[in-house]
Each structure stands twice: as C-alpha cells, then as structure tokens.
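The values are calculated or read from the model by the stated rules, or taken from the named source; none is laboratory data. Since the model is a prediction, treat every value here as computed from it, not as a measurement. Neighbour counts are summed over all protein chains in view; Cβ atoms, including those assigned to glycine, are modelled from backbone coordinates with ideal geometry. The protein model used for the area step is the full one, side chains on, heavy atoms only, and it has no ligands, DNA or RNA in it. Shrake-Rupley method; radii C 1.70, N 1.55, O 1.52, S 1.80 Å.
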Number of protein chains: 2
Amino acid sequence: MSRITIKDVAELADVSPATVSRVLNHGPTVAEDLRDRVMAAIRQLGYRPNSQARFLRTRATTVLGLIISDITNPFFTSMVRGAEDAASKAGYSVVLANTDEDLDKERRYIEVAAAENMAGVILSPASATRTSIELLLERGVPVVTVDRRLQTAKVDRVGVNNVRAAQEAVIRLVDQGCRRIGFIAGPAEVTTAADRLSGYKHGLRASGLPFSRELVVRGDYRIEGGRAAAATLMRLDPRPDALFVSNNLMTLGAVMTLRDLGLSYPSDIKLAAFDDMSWTLGLSDTMTLISQPTYEIGRQACELLLRRIAGERFPPRHVVLGATLD
Amino acid sequence: MSRITIKDVAELADVSPATVSRVLNHGPTVAEDLRDRVMAAIRQLGYRPNSQARFLRTRATTVLGLIISDITNPFFTSMVRGAEDAASKAGYSVVLANTDEDLDKERRYIEVAAAENMAGVILSPASATRTSIELLLERGVPVVTVDRRLQTAKVDRVGVNNVRAAQEAVIRLVDQGCRRIGFIAGPAEVTTAADRLSGYKHGLRASGLPFSRELVVRGDYRIEGGRAAAATLMRLDPRPDALFVSNNLMTLGAVMTLRDLGLSYPSDIKLAAFDDMSWTLGLSDTMTLISQPTYEIGRQACELLLRRIAGERFPPRHVVLGATLD
DNA sequence: CGGTTGCTAGAAATCGATTTCCGATAAAGT
DNA sequence: ACTTTATCGGAAATCGATTTCTAGCAACCG
C-alpha cells in the first residue's frame with residue numbers, strides 16, 4: 001500500500017528530486033558520489049517510478065497493444081509470439097486483447113488502447129469497413145494491421161497474398177481431378193475472406209471451370225460455421241468432389257460434417273484449407289494446406305510498428321509474405 | 001496528434017475545468033444548462049479524459065491484468081472469456097499477457113502490471129515457489145490465482161480439486177482392467193502437477209495397486225514433452241496398459257507417440273487425461289477425460305478480484321469447483 | 001587578477017486531470 | 001427587509017514524475 005515517490009528517494013539521498021530523475025534517465029551529468037547515494041536510496045526504498053506520472057510529462061509509454069479476433073486460433077498464437085519477441089528485444093511489452101470477431105468488444109479495446117496511451121497497436125480488424133481506428137490515429141498512436149486489411153484508414157499491413165494462395169490451392173485440387181469444388185468462405189466483412197473467395201474464382205477460371213453460386217457458402221471463421229456450411233454444400237446434387245475451406249477452425253467443422261456423413265477424405269472427397277492445422281494430429285495429413293508464416297507476420301508487424309513509434313515517416317506499407325502450399 | 005484537454009472543453013463551454021470534471025464524475029451538483037454546454041463541448045471536441053492524469057489524482061484504474069502461462073491452450077482461452085465477461089459487466093477491461101511458463105517473462109509482465117497500476121491481476125503462476133507477486137501486493141494490487149496455487153503468498157485462488165479428480169480417473173482406469181498405469185506428470189514447480197501426481201498415487205493405493213517410480217515421467221505441459229514422456233513409458237517392459245496424462249497438450253504428444261508405435265487406444269492401451277480436448281475431433285472420444293469448468297473458473301476468479309478491488313477484506317479464499325469425469 | 005566559460009544541482013514550472021476550499025448568489029426564515 | 005443558510009462554480013492545490021531555468025562554483029584564459 002506504500003507510496004514511495006521520487007521525493008522520498010531524494011530526501012533519503014539528500015539531493016533534489018531533479019537529481020534523482022537525472023540519475024534514472026539521462027545519466028552523465030551527475031557526480032559519482034551523488035549517483036551512488038541515489039542508487040542506494042532507490043534500492044533501499046524499493047522505489048519504482050510511477051509510469052503514469054512519467055507519461056504525463058514525457059508522453060512515452062512502452063506498452064504495445066495487440067488486438068486480435070480470436071486467441072483460440074493457433075494462427076494468432078504463433079503471431080503473438082513473433083510480435084512479443086520483436087517487442088521485448090526493443091524494450092517494449094505486449095498486452096493482448098481478444099475481440100471474438102465482435103465489433104463492440106473491438107471498439108472497447110481500441111478505446112482502452114487509446115485511453116491508456118499505448119505506444120502502438122497491432123490489430124487484426126473484425127471488419128474492413130466498420131472497424132474504426134481514428135481514435136488511435138488522431139492521438140498519434142500508430143497502427144499496423146495483420147492478416148487483414150482495413151478500408152477505413154491507410155495504415156501499414158503485414159500479411160500474405162490471399163488471392164494467389166487460394167488460386168493455387170484450387171489449381172492443385174483441379175490437378176487432383178476435382179471438377180466441382182465447394183468453397184466455404186469467411187465473413188463478408190473481412191478482407192481475407194473476400195480475397196480468398198476471389199482467388200477461388202481466379203483458380204476456377206484459370207482451370208477452365210465454371211463458377212457456380214451454389215458452390216459458395218459463407219461461414220464465420222469458427223468451428224460451428226464450418227460445420228454448417230459443409231452440411232449445406234454436401235446436400236447439393238450432385239455433391240461437390242472437393243471442399244476448399246478458408247480457415248482452420250471452419251475446416252475442423254467441415255471434417256466433423258464429413259464424419260457425420262460417413263465420408264472420408266481424400267478417397268470420397270478432397271479437401272484444401274487455409275492455415276496450419278498440425279495441432280489436429282493427422283486430421284490434416286491428407287489435405288492441401290496453405291500455411292502462412294505466422295510467427296514472421298507477427299515479428300514484422302511489430303518491427304514496422306516500432307519504426308512508426310520511433311517517428312519514421314513513410315507511405316503506408318504493405319508487407320506481403322509468402323504462403324506455402326503443402 | 002491533437003491534445004484536447006479538459007481546459008479546451010472548459011474554454012469552449014465557458015466554464016472552469018472544475019465544472020467539466022464535475023459533469024463527468026459526480027454529476028448532480030451542476031446546473032442543467034452548464035451541464036448541457038459542457039456535454040456539447042465535449043462532443044464537439046471529441047474530448048476524452050487522459051486516464052494517466054486522472055489516475056494520478058484518483059489512484060483508480062479500470063484495467064485488469066490476466067497473466068497466464070500459455071494462451072495456446074484452449075483451457076485458458078475459455079477461462080479468459082469467463083474473466084472478460086465478469087469484468088466488462090463491472091466496467092473493467094482485461095488485458096492478457098502470455099508467459100509461456102517462462103519465469104523471466106512472467107516477472108516482466110508482473111512488473112508491467114505493477115508499473116501500469118492495474119486494478120488487479122489474475123495469475124496462473126509458472127512456479128509455486130519462484131513466482132513473486134510482492135511487487136503487486138506491496139502496491140496494494142490484489143491478485144487471484146487460477147488453476148494453480150502459489151506458495152510465496154497467501155492469496156485467493158480458484159481451481160478444482162486436482163488430487164481427487166486424478167484419483168477418480170485412476171480408479172476408472174483400474175475398473176477398466178488396467179493394472180500398470182503410466183503417469184505423465186507436469187513440471188515440478190507447478191502445484192497442479194504435484195496435486196495430480198499425488199492423486200495418481202492415492203488412486204493406486206485405493207485400488208490396491210503398487211506405486212512404481214518407473215511408471216512416472218515428467219513432461220513440461222507442452223506437446224513435445226508429452227510425446228517424449230510417452231515414448232519413455234512405452235519402452236518399459238512390460239509396457240503400461242494405460243497412460244494417464246496430466247494435461248491436454250501433453251496428451252496430444254502422447255497420442256502422437258502411440259501412433260508412431262502403431263498402437264491404438266482403447267484396444268491396445270487405455271488413456272486418461274486432464275482437460276477438455278474436444279477441439280481434437282475424435283482423438284479424445286475413447287479416453288477418460290477430466291474436464292474442468294474453465295469458463296466458470298475465469299468468471300469466479302474475476303468476481304473475487306473485483307471484490308478485493310472494491311476493498312472487501314476477508315481471509316484468503318480458495319474456491320474449489322468441481323471437475324467432471326467423462 | 002578579473003572576467004568568462006562550463007558544469008552541476010536545486011528551485012520551480014509543467015503535464016492533465018481531480019478535489020478542496022472559498023466566494024458569490026439565491027433562497028429561506030424571522 | 002435583513003440576516004442566515006444552502007448551493008453552485010471558480011481559483012488554486014495536488015498527484016509524481018520530467019525538464020527548463022538559474023544560481024553557484026571551479027577552472028581557464030588573457
């Protein structure tokens with residue numbers, strides 16, 4: 001409950017608060033013995049500067065916000081680690097917030113980040129058009145988006161080329177003999193969903209296959225959505241000979257549906273999906289997987305953010321990393 | 001980049017800053033028309049109080065810290081949600097930090113929580129003996145631990161009775177005919193690991209089976225650790241007829257090992273494990289699972305924390321929720 | 001030897017809010 | 001009608017740090 005302030009330290013060391021501050025910050029202009037006395041007093045009292053008070057004067061914090069849509073998703077977990085590693089190397093800490101793809105929650109956490117004057121924010125926006133980051137931008141808090149783009153503001157973004165990756169996966173399926181490829185798309189508001197759908201269409205065109213509306217069903221990027229979407233697709237007549245699912249959790253759902261129907265892959269139906277799924281142990285061994293360099297996405301996003309925080313000015317940058325098909 | 005302060009609002013509304021503050025906080029003692037003018041000015045300028053400055057005066061924040069050992073683990077994910085729901089109901093926000101079971105990282109985030117003067121902290125300590133929370137306690141920041149206990153300080157804790165749950169699972173395995181039950185334990189520093197090991201021993205004793213040192217191998221609560229531990233156990237001669245794994249991620253590893261050896265469960269060997277694993281789709285259908293009410297753990301931990309924050313004083317409380325065997 | 005330069009360290013202003021204290025005004029009581 | 005009381009709102013102090021400004025002192029130079 002104690003409140004040890006710079007003044008207490010100053011008194012004990014018999015110097016002025018200004019000197020204590022100098023010892024802690026821009027060091028050199030303080031005499032050896034004073035410096036020692038101050039350090040001793042600090043240790044003795046267990047003094048820690050009040051970061052709020054410090055901020056009031058300096059406007060500098062060392063906490064980054066990482067606002068993501070679903071911490072359940074291993075995709076994001078590895079990204080968090082990449083960001084944390086880059087941040088701690090630079091002396092910053094990362095706090096996480098989970099939005100659950102919920103715009104209200106997202107707005108609340110953006111408010112928190114702004115109110116706490118975080119040094120910068122890495123965001124995977126729940127919506128390209130309805131997520132608003134002006135609260136941050138108008139306060140000068142830099143923002144970098146990961147995975148998804150944002151249409152409401154021009155900010156840096158780190159991700160992969162979703163269009164191309166999706167296209168390649170479709171071509172791969174066609175090479176395996178598929179002709180009727182069902183696509184489980186993501187939420188309409190998310191740019192990755194749109195990009196992947198667009199890649200799906202490109203892939204069909206490139207393969208000379210027709211695009212059919214009925215073969216596309218939207219899900220919510222969660223397990224349940226994938227399950228329902230797959231069920232819808234599998235009721236079609238004739239039924240698809242392949243499913244292409246646009247994220248990992250929905251793929252789990254789709255596999256559940258296939259099980260329920262007694263279908264196995266790849267014998268009865270081929271599967272392709274976005275994102276790493278190695279944690280499912282074998283479920284994904286026999287499907288085409290598009291994996292993204294998630295750790296690297298987090299790392300680079302954080303480094304970009306740190307450069308913005310340091311004050312570098314350059315046009316909004318899109319870092320596009322390679323996704324791999326395997 | 002703009003800095004809109006209470007002074008700007010006061011000027012525009014042609015009142016004093018004190019009045020603006022009164023409008024925002026303890027309302028009633030301010031006249032209708034002034035109140036309206038102030039509100040209009042606030043809206044017009046998009047004013048938001050600087051929370052650091054406010055804190056300096058009031059010493060009250062509305063951010064809770066949730067410091068957990070592994071956000072990858074679905075166990076914690078659901079807990080986070082429980083805590084978030086309880087917190088937001090009370091007007092608090094939750095920020096997460098991920099320690100990766102790493103004591104250094106953990107210490108860093110405890111420092112962050114203290115430096116940021118978070119209102120309270122929910123912690124799943126990486127070590128019962130080496131995790132130090134005095135930084136928080138001496139500043140009056142209440143702490144509640146979840147899942148694991150802490151030996152370095154007497155604080156509230158919410159979790160399940162790990163000893164009993166483990167014991168029951170062992171008895172269940174014995175009922176299924178198992179006589180040589182291998183146990184994959186968790187890290188020595190974590191209380192849940194010790195409790196579960198102890199429950200395993202109790203279960204054996206209650207079933208009249210001998211305890212054998214060689215049947216216990218320690219893992220690190222991660223996939224790799226489970227894999228290695230299972231491999232060690234399966235090299236024993238005679239090999240175990242059951243494996244009891246003390247958390248979900250290690251169970252994944254153990255299953256990987258069994259696959260590699262060409263063994264299937266429950267025909268060749270029986271499995272029991274702690275924690276929900278429904279996200280593994282079928283992997284866990286045929287094993288004995290001890291599931292914990294994770295959402296509820298998070299919710300109750302948060303409510304306990306909020307009571308402490310509100311200043312309630314009562315002896316450190318241990319809330320023990322029921323784990324279920326299925 | 002006097003005056004200038006160069007440091008060091010303290011006093012005081014400052015950041016942006018809240019809150020205490022107090023004066024002014026209006027309402028109420030005699 | 002005049003004093004007393006209540007209420008409202010402004011001036012100023014405060015929270016805990018940083019930073020500017022300045023005084024004091026020593027060293028250096030001509």
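Below, the figures for the structure above:
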{"quantity": "Accessible area (Å², 1.4 Å probe, nearest 10) - B:Ser291", "calculated": "30"}
{"quantity": "Size descriptor, Kirkwood hydrodynamic radius, that averages inverse alpha-carbon separations across the protein assembly as shown, Å", "calculated": "27.3"}
{"quantity": "Ranking by accessible area, most exposed first, for A:Arg172, A:Arg196 with a 1.4 Å probe", "calculated": "A:Arg172, A:Arg196"}
{"quantity": "Buried area at the A-B interface (accessible, heavy atoms, 1.4 Å probe, summed, Å²)", "calculated": "4600"}
{"quantity": "Förster radius 30 Å - calculated FRET efficiency between B:Leu135 and A:Glu224 (Cβ-Cβ, nearest 0.05)", "calculated": "0.10"}
{"quantity": "Links that overshoot a 32 Å alpha carbon limit, given the list B:Lys89/B:Lys154; A:Lys89/A:Lys154; B:Lys154/B:Lys270; A:Lys154/A:Lys201", "calculated": "B:Lys154/B:Lys270"}
{"quantity": "Solvent-accessible heavy-atom area per residue, rounded to whole Å², over the stretch A:259-326 at 1.4 Å", "calculated": "47"}
{"quantity": "Convex hull of the stretch A:31-168 built on C-alpha atoms - directionally averaged projected area, nm²", "calculated": "11.4"}
{"quantity": "A:Asp102 versus B:Gln151: modelled label distance in nm, points set 7 Å from Cα along the beta carbon direction", "calculated": "3.9"}
{"quantity": "Exam field: A:Ala310 pseudo-label spacings to other copies (7 Å along Cα-Cβ), nanometres", "calculated": "4.8"}
{"quantity": "Chain B: DSSP helices with Cα axial extent of at least 15 Å and average Kyte-Doolittle hydropathy no lower than -0.5", "calculated": "B:32-45, B:74-89, B:162-175, B:223-234, B:248-260, B:294-309"}
{"quantity": "Nearest-10 value in Å² for the accessible area of B:His318, using the 1.4 Å probe", "calculated": "100"}
{"quantity": "Those GluC sites (Glu not before Pro) in the stretch A:247-326 that DSSP places in a loop and that have at most 15 other beta carbons within 10 Å", "calculated": "A:Glu312"}
{"quantity": "Counting DSSP beta bridges with both ends in the protein assembly as shown, the antiparallel % (nearest 5)", "calculated": "5"}
{"quantity": "Shortest-first nm distances, B:Gly208 label point to equivalent points in other copies (7 Å, Cα→Cβ)", "calculated": "7.5"}
{"quantity": "Neighbourhood net charge (13 Å Cβ-Cβ; Lys/Arg +1, Asp/Glu -1) for B:Ala128", "calculated": "0"}
{"quantity": "Accessible area, probe 1.4 Å, largest first, for residues B:Arg235, B:Arg157", "calculated": "B:Arg235, B:Arg157"}
{"quantity": "Span per principal axis, largest first, for the Cα atoms of chain B (Å)", "calculated": "87, 38, 31"}
{"quantity": "Probe 1.4 Å, all protein chains present, accessible-area order of B:Asp326, A:Asp276, largest first", "calculated": "B:Asp326, A:Asp276"}
{"quantity": "Whole-percent carbon and sulfur share, accessible surface of the stretch A:162-291, 1.4 Å", "calculated": "49"}
{"quantity": "Heavy-atom accessible surface of the stretch B:6-49: percent carbon and sulfur, 1.4 Å", "calculated": "52"}
{"quantity": "Cα point-scatterer Debye curve for the stretch B:6-49, base-10 log of I(q)/I(0) at q = 0.25 Å⁻¹", "calculated": "-0.77"}
{"quantity": "Helix-only CD estimate at 222 nm, as mean residue ellipticity for chain A, using -39500 (n - 2.57) per DSSP H run (n ≥ 4)", "calculated": "-13500 deg cm²/dmol"}
{"quantity": "A:Met39 - accessible surface, heavy atoms, 1.4 Å probe, Å² rounded to 10", "calculated": "80"}
{"quantity": "Residue-normalised accessible area of the stretch A:6-49, expressed per residue, 1.4 Å probe, Å²", "calculated": "63"}
